[in-house]
Amino acid sequence: MYRFWQQCLTAFYFTLFGICALLLSWLWLPLLALVYKGRNRTLAARKSIYYGFKLFWWLAHHIGFMHTHLEGQDKLGSHQGMLVIANHPTYLDYVLIASCYPYLDCLIKEQILHKPTLKFLAKAADYLVNSEGGELLEESLSRLKNGENILMFPEGTRTPASGELKFKHGFASIALRAGCPICLITVRCSVPFLAKSLKWYNVTGKRILFTVKVEKILLPEEISQLVLPAHSAYQQARSLTKQLEQYFQQKL
């Protein structure tokens, strides 16, 4: 019986999420555009998304549908110009992390810009798009230099059912070029839910608990010790990627 109730709640929350995203896109963001311009408008849009996502999780928690547990947020301090990387076990990982950190930038797939419920939010927040080719590196470096914190999922897609992580090395190239800190965040879900191989209605009937933990922040000098200076930039990026992939695999 509870499993059926979970399926109903999942359908309800997906619908609610879509409606709220449309309301933000078509009503709230146009109002922000009348008040704020340029960079201030972008920051206001990100703050609005942050509060919207916090409300989403607050409602989910208080009706007993989904619960969250946050660890290690105190490690973030006042870091700016930082690359934030996380594993990607479920469809809701970005929504979860963005509800914890206002003004967070994010690297998104180009497909997001073709979804009516999300494209206006992504454009208003001025998120990085993973289709910008060579411009992506330079734009990422520019934003990090200006003090923005950028969220990236090195897997590029949700983790497969096997749980094996396969990181792409783009984030490492950016971090090494920028000489910026890297924040390592692990995301866990207590039960299989909204994973890559599952449909929205595939639920277990068990309590759903998301745990987000800031494992550590690698400072630039620590990162430089993980790679060999004699290697090419490509080799350094591959080496750093492999080490962090193994670190995440051990933590999970």
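Starting from one equal scatterer on each C-alpha and no solvent at all, send me the Debye-based log10 I(q)/I(0) for segment 84-125 at q = 0.25 Å⁻¹, two decimals.
-1.06
Quick one: among C180, C20, C106, which has the greatest mean-square fluctuation in a GNM of the chain with alpha-carbon springs under 10 angstrom?
Maximum fluctuation in the GNM of the chain, among the listed residues, is at C20.
Looking at the chain, send over the antiparallel percent of its DSSP beta bridges, to the nearest 5. Write out the running numbers ahead of the final one.
On the way: 8 of 25 bridges.
Of those bridges, close to 30 percent are antiparallel.
Under DSSP H, which helices of the chain have Cα atoms covering 30 Å or more of the helix axis and a Kyte-Doolittle average no less than -0.5?
On the way: long enough: 2-23 (31 Å, 1.03); 38-62 (37 Å, -0.44).
For the chain, where a helix must reach 30 Å along its axis and average at least -0.5, the hits are 2-23, 38-62.
Which distance in nm do the two modelled labels at R188 and Q80 give, with both placed 7 Å along the Cα-to-Cβ direction?
Label-label distance for R188 and Q80, simple model: 3.4 nm.
Would you mind ranking D126, D74 by Cβ crowding within 10 Å, fewest neighbours first?
Working: D126 17, D74 7.
Neighbour counts put them in this order, fewest first: D74, D126.
Cross-link candidates for K242: which lysines have Cα within less than 19 Å, leaving aside residues fewer than 8 places away along the same chain?
Of all the lysines, those that pass the test against K242 - Cα under 19 Å, at least 8 places apart if same chain - are K166, K168, K216, K251.
With Cα extents along the principal axes in Å defined as stated, name the option among [x] 61, 43, 42; [y] 69, 45, 39; [z] 60, 46, 33 computed from the structure displayed.
Label of the calculated value: [z].
Which of the lysines could be linked to K115 by a straight reach, that is with a Cα gap under 22 Å, when you skip same-chain ones fewer than 8 residues away?
Result set, ordered by chain and number: K47, K54, K123, K196, K199.
Any read-out appearing in this document is the output of simple, stated calculations on the displayed coordinates, not a laboratory observation. Remember, predicted model here, so these are calculated numbers, not experimental data. All Cβ positions, even for glycine, are placed from backbone atoms using ideal geometry, and neighbour counts span all protein chains on display.
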